[in-house]
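Report on one structure; see the data block that follows.
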Amino acid sequence: MTQKPKIELSSALICEAATVDRQNRAILYGIFNQINAQEVPTTHPQFAIFCVWEGTVGGKHEQGIKIVAPSGKAIVSPPPMPFEMTGSHARLISQFNLMRFEEFGTYRIEISLDGETVKELPLDVIKIEPRKES
């Protein structure tokens, strides 16, 4: 019986944008965990979830991302992203555009590997008061 290669999520971040350059360096812009809004619903123009998987070379996997509202309702769950461990690390970027948040509170970003949730990132949508003109 062949044992599946071991793999684990070594880091996961929410940021405005992410890319990997020609030298395989990760470039992340605007790392955050909070969205400020005067009212809901509010729309965030774009953000990315950057994940680094570490483990044994070989093996095909699928990364899943699900964003769950404070009420428990899943607001987005795109199809899983297939990847293969061709080295000791795999970097994956999931991009979200024009994401609508319907309520204030803490959203959960659930990251899964091969259908099993391995990490949850909190994303707070906070009510702020409008600036008062002096």
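The values are calculated or read from the model by the stated rules, or taken from the named source; none is laboratory data. Given the structure is predicted, the values throughout are model-derived calculations rather than measurements. Using ideal geometry, Cβ is built from the backbone for each residue, glycine included, and neighbour counts are taken over all protein chains shown.
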K132 vs. criteria out of contact with any Phe, Trp or Tyr (no Cβ under 6 Å at 6 or more places or on another chain), closer than 26 Å to Q23 by Cα, at pLDDT below 95 and among the basic types (K, R): no
Looking at T43, is it of a type in the set (V, I, T), touching a residue at least 12 places away in the same chain (Cβ under 8 Å) and closer than 30 Å to R131 by Cα? yes
For A37, indicate whether it is touching a strand residue (DSSP E or B) at 6+ places or on another chain (Cβ under 9 Å) and closer than 15 Å to Q95 by Cβ. no
What strands (runs of 3 or more DSSP E) lie completely within the stretch 8-65 and have 3 or more residues being within 17 Å of F101 (Cβ to Cβ) and either among the polar types (S, T, N, Q) or more than 17 Å from the chain's Cα centre (by Cα) (or both)? 34-37, 42-55
Can you tell me how many residues within the stretch 91-134 are within 25 Å of E54 (Cβ to Cβ), of a type outside the set (V, I, T), in contact (Cβ under 8 Å) with a residue 40 or more places away in the chain and part of a strand (DSSP E or B)? 13
Kindly establish whether T56 is in contact with a Leu (Cβ under 8 Å, 6 or more places away or on another chain) and in contact (Cβ under 8 Å) with a residue 24 or more places away in the chain. no
For the stretch 20-38, what are the residues that are more than 18 Å from E54 (Cα to Cα), in contact (Cβ under 8 Å) with a residue 60 or more places away in the chain and of a type outside the set (G, A, S)? N33, Q34, I35, N36, Q38
